[in-house]
Amino acid sequence: MQDRAQVLIIGGGIVGCSTAYHLAKSGCRDVLLVEKGELTSGSTWHAAGLVGQLRSSRNVTRMLKHSVELYESLEAETGQATGWKQVGGLRLACSEERMQELRKGATTARSFGLEMHMLSPQEALDLFPIMSPKDIIGGAFLPTDGYADPSSVTRALAKGARDGGVTIERGVRVEEFLLKDRRVTGVRTNQGDIEVETVLLAAG
Ligand SMILES: Cc1cc2nc3c(=O)[nH]c(=O)nc-3n(C[C@H](O)[C@H](O)[C@H](O)COP(=O)(O)OP(=O)(O)OC[C@H]3O[C@@H](n4cnc5c(N)ncnc54)[C@H](O)[C@@H]3O)c2cc1C
């Protein structure tokens with residue numbers, strides 16, 4: 001295993017692999033990702049994979065919009081399946097308070113440039129006919145939401161990162177940070193020390 005890297009990413013879940021992919025895309029060549037087990041063996045493996053873009057934070061929503069755009073092309077780019085299905089996201093209201101929350105959400109969505117339509121109970125039922133319409137007073141639909149297979153997306157990002165020059169080492173556990181003048185200058189692993197300029201902690 002190499003003993004130095006400009007950027008060291010700790011953790012091979014979706015956050016670590018996505019960061020590696022985007023660093024490679026931005027032209028950063030000396031990137032090493034270490035994962036103590038197998039890629040996507042942490043929380044990422046357990047995730048349901050729902051991709052709902054509307055969040056209270058503008059930046060998180062922007063990131064999720066970027067994710068959706070990326071998932072549309074990642075499979076073709078890497079040849080690795082992602083399981084991305086843009087089926088849309090349905091939100092339901094059974095109380096006036098919840099309906100009000102959805103209306104506010106629709107205003108926020110518009111200001112974020114995200115498509116979101118308010119629905120009558122019948123329109124919600126038309127979209128999801130197997131539910132019981134009892135108590136539903138309305139809903140909202142975000143047509144660009146969807147779901148993906150989190151492990152497959154992570155593997156596709158890892159493939160894209162490797163294609164862009166990132167090195168990924170599995171079975172390497174970081175056990176200690178090495179400090180000089182209160183700055184991290186390296187890590188100690190079960191496979192030896194690695195000297196680094198920047199450490200990115202994506203260990204879950
Ligand atoms: C049941 C469940 C359902 C979920 N559903 C959704 C959903 O529908 N939609 C959604 O957006 N999110 C969902 N999430 C949340 C989502 O899974 C997490 O936000 C995401 O997977 C976090 O990714 P991560 O890369 O930060 O962490 P992880 O996937 O946990 O990756 C961290 C990696 O770091 C490695 N690691 C840890 N310590 C070290 C070390 N010392 N040295 C080297 N490697 C190390 C681990 O082995 C692991 O592989 C769900 C989570 C759970 C548990």
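Observations on the model:
- Filtered residues of the range 15-65 (kept if more than 7 Å from the ligand (Cβ to nearest atom), assigned to a loop (DSSP other than H, G, I, E, B) and more than 19 Å from M1 (Cβ to Cβ)): S26, G27, C28, G52, Q53, L54, R55, S56, S57
- Exclusive hit being modelled with pLDDT of 95 or more, small (G, A, S) and buried (at least 16 other Cβ atoms within 10 Å of the Cβ), set G89, G79: G89
- Across the range 177-204, the number of residues qualifying as surrounded by 12 or more Cβ atoms within 10 Å (Cβ to Cβ) and assigned to a strand (DSSP E or B) comes to 17.
- Of the residues screened, A148 is one that is open to solvent by less than 30 Å² (accessible area, probe 1.4 Å), of a type outside the set (D, E, K, R) and either under 23 Å from A81 (Cβ atoms) or within 16 Å of the ligand (Cβ to nearest atom) (or both).
- If you go through the range 38-55 and keep only what is exposed (fewer than 13 other Cβ atoms within 10 Å of the Cβ) and touching a Gly at 6+ places or on another chain (Cβ under 9 Å), you end up with E38, S43, L50.
- Answer residue from the range 151-163, given it is open to solvent by less than 20 Å² (accessible area, probe 1.4 Å) and of a type outside the set (S, T, Y) and is farthest from Q122 (Cα to Cα) among those: A161
- Scanning the range 85-129 for residues that are of a type outside the set (A, V, I, L, M) and closer than 21 Å to L64 by Cα yields a total of 17.
- Complete set of residues in the range 57-90 that are more than 24 Å from E169 (Cβ to Cβ), in contact (Cβ under 8 Å) with a residue 40 or more places away in the chain and not aliphatic (A, V, I, L, M): R58, T61, R62, K65, Y71, E75, G83, W84, K85, Q86, G88, G89
- Pairing residues of the range 108-124 that are free of Cβ contacts under 8 Å to residues at least 24 places away in the same chain with residues that are buried (at least 16 other Cβ atoms within 10 Å of the Cβ) and part of a helix (DSSP H, G or I), at Cβ distances under 6 Å and at least 6 apart in sequence or on separate chains, gives M118/A106.
- Scan of the range 1-20 for residues that are open to solvent by less than 10 Å² (accessible area, probe 1.4 Å) and either basic (K, R) or within 13 Å of D163 (Cβ to Cβ) (or both), ordered by number: C17, A20
The values are calculated or read from the model by the stated rules, or taken from the named source; none is laboratory data. Bear in mind that the values here come from a model prediction, so they are computed numbers and not experimental data. Cβ: placed from backbone, ideal geometry, glycine included. Neighbour counts: every protein chain shown. Heavy atoms of the whole protein, side chains included, go into the accessibility calculation; ligands, DNA and RNA do not. Shrake-Rupley method; radii C 1.70, N 1.55, O 1.52, S 1.80 Å.
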